[in-house]
Amino acid sequence: MVKVGVLALQGAFREHREVLAALSADTVEVRTPEALSGIGALVLPGGESTTMTRLLRTSGLHGALSEVLRDGLPCLATCAGLILLASEVLDGRADQEPLGVLDVSVRRNGYGRQLESFEAPLDVEGLAGPFPGVFIRAPVIERTGPGVAVLARHDGRPVLVRRGPVWASTFHPELAGDLRLHELFLKEVA
Amino acid sequence: MPDQHVDPAPGATTGTARVKRGLAEMLRGGVIMDVVTPDQARVAEDAGAVAVMALERVPADIRRDGGVARMSDPAMIEGIQAAVTIPVMAKCRIGHFAEAQVLQSLGVDYVDESEVLTPADEAHHVDKWAFTVPFVCGATNLGEALRRISEGACMIRSKGEAGTGNIVEAVRHLRSILGEIRRLTVASPEELFAAAKEHRAPVELVQEVAGRGELPVPLFCAGGIATPADASLVMQLGAQAVFVGSGIFKSDDPAPRAKAIVEATTHYADASIVAKVSRGLGEAMRGEEIGTLDVKLAERGW
């Protein structure tokens, strides 16, 4: 089984580690470029994308992550993690500068404020039966580029997309109490 | 901008415990900063704050001015909501559910039922289950934390002593809560019944905490954090994120201090990074000895 690096600058990194540990995967917290050595997959958790963007820059991880992801490191990004990966961020800050690894346009806080945070069951390609979708101040994917496959939708909009080894969701599988999405990701990348 | 928002429906449920606690999970490892103007909110967001607390006066000024401290003017809160894209929190008085209703109608992302404001009810806290907006509450010990959780709080912050720039009370409250949790994890089943009585908390919650070894909601730290090393200290003790009130905007040079505290919270276990970001920040807020205070805010709440 591959060792999975979990970006741990801020946000729900612990929950991802717990899910991965329940699936018997080794994990390591990534706060510096050195922590990227020896990992076979990466998780970018939810949190505040503006905070993480700033910390990516000050820690030197911005360049290092771009490099390993362009070299094909498998990655599962959730919520703010998706915003970090996107090629275009709408309603972002001028200095937000995403990694640009996944060709999607994403709108931050696309459903509004916390009062609009919600749960909804999702049909996910490759999973039998509905998956609990937990959307917290979630972004909305407004555009998917060529080669980006949509694995789940909510109300007609993409909420889980994949391009090769890079998977990204607008919802939080790590809070779902359901291991199947992480399991599917690990099976595909391992 | 609201017209660009997508309606969550159909088949969607809002205000569940999972999405209310979930936002607290997303703030882990971050710094929530008190701000009194849109400009300060922008400084906080630029520095990497995960959220701001919109206030009319920071606790140090509330302490200095005296009088009754209430919920902020809605216009002031809306000004801050318009200035930043990160979550905006606001405070209501203990037990003042009408202020909480107003804050929910303004669309704030978290309500802090806070001892920093003057309590409105000497026996009852707000029934937080009745709200879609999530609540954070302060606690000085495990029993207080569990009573707030039983009322529906989705995040607990250790109280410390707000507006003092003195970390000693925050450390005491954090050590108290975490130490009491550790003791529960080694208690026998019959001891848990006694512990529930002692903590004046529901036995089901006491049993849950004993089994998990932590609270069922995130535990953050507030009240007295003024330096990057303060943030590192409370994170190493077991806080999962920090609130900084007067410590930033009552210091000499707020922007660099705000950035430094953000860095120190993320890299709390790496002393060389905490050292690096602590250099040349200018004077921290002056601070107060706890023994000289006329009013101890942490004693409010029941």
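The values are calculated or read from the model by the stated rules, or taken from the named source; none is laboratory data. As the structure is a computational prediction, the values presented were derived from the model and not from experiment. Positions of Cβ are backbone-derived with ideal geometry, glycine not excepted, and every protein chain shown enters the neighbour counts. Areas reflect the complete protein model, heavy atoms only, side chains present, ligands, DNA and RNA absent. Shrake-Rupley method; radii C 1.70, N 1.55, O 1.52, S 1.80 Å.
Ordered by solvent-accessible area of protein heavy atoms (1.4 Å probe), largest first, the residues B:112, A:123 come out as A:123, B:112. Please identify every one of the GluC sites (Glu not before Pro) in the stretch B:267-302 that sits in a loop by DSSP and has no more than 14 other beta carbons within 10 Å of its own beta carbon. Passing sites in the stretch B:267-302 are B:283, B:289.
Only helices reaching 24 angstrom along their own axis (Cα) with mean Kyte-Doolittle hydropathy no lower than 0.0 count here, and for the DSSP H runs of chain B these are B:168-185. Annotation note: GluC sites (Glu not before Pro) in the stretch B:63-122 located in DSSP loop regions with a Cβ neighbour count of at most 10 within 10 Å are B:122. Suppose we look only past 24 Å in the calculated P(r) of chain B. What percent of the Cα-Cα pairs does that tail hold? Of all Cα-Cα pairs in chain B, 50 percent lie more than 24 Å apart. Below 15 angstrom from the Cβ of residue B:97, what's the summed charge of the other residues (Lys, Arg +1; Asp, Glu -1)? Within the 15 Å Cβ shell, the charges total -2.
Solvent-free Debye calculation, one equal scatterer per alpha-carbon of the protein assembly as shown: log10 I(q)/I(0) at 0.06, 0.08, 0.13 Å⁻¹ equals -0.25, -0.45, -1.25. For the stretch B:224-294, the list of trypsin sites (Lys or Arg not before Pro) that fall in a loop by DSSP and count at most 13 other C-beta atoms within 10 angstrom reads B:279, B:286.
Per residue, the accessible area of the protein assembly as shown comes to 36 Å² when a 1.4 Å probe rolls over the protein heavy atoms. Among beta bridges from DSSP that stay inside the stretch A:3-189, the antiparallel ones total about 50%. Here the accessible area of the protein assembly as shown is 49 percent carbon and sulfur, with a 1.4 angstrom probe and all protein chains present. A convex hull fitted to the Cα coordinates of the stretch B:192-278 yields 102 cubic angstrom per residue. Based on Cα contacts under 8 Å between residues 6+ apart, chain B shows a relative contact order of 19 percent. Take the Cα radius of gyration of chain A and divide it by 2.2 N^0.38 Å, N being the number of residues; the result is 0.92. Counting, for every residue in B:13-23, the Cβ atoms of other protein chains within 10 Å of its Cβ and taking the mean gives 6. Note: relative contact order over the stretch A:3-189, using C-alpha pairs below 8 Å and six or more positions apart, is 19 percent.
Ranking A:111, B:268 by solvent-accessible area of protein heavy atoms (1.4 Å probe, all protein chains present), from largest to smallest, gives B:268, A:111. In the stretch A:129-162, comparing the full protein assembly with the chain on its own, the residues that lose 40 Å² or more of accessible surface at a 1.4 Å probe are A:136, A:137, A:155.
The HN-Hα couplings worked out from phi for the stretch A:159-169 by the Karplus form 6.51 cos²θ - 1.76 cosθ + 1.60 (θ = phi - 60°) are 10, 9, 10, 8, 10, x, x, 9, 10, 8, 10 Hz, whole numbers, x standing for Gly and Pro. DSSP beta bridges fully contained in the protein assembly as shown are about 30 percent antiparallel.
The mean number of partner chain beta-carbon atoms within 10 angstrom of a residue's beta-carbon across peptide A:102-111 is 2. Amide hydrogen proximity for residue A:75: with H placed 1.01 Å from N in the peptide plane, the residues at 5 or more positions away or on another chain lying under 5 Å are A:42, A:166, A:167. The percentage of C-alpha pairs in the stretch B:1-112 whose separation is greater than 19 Å is 51%.
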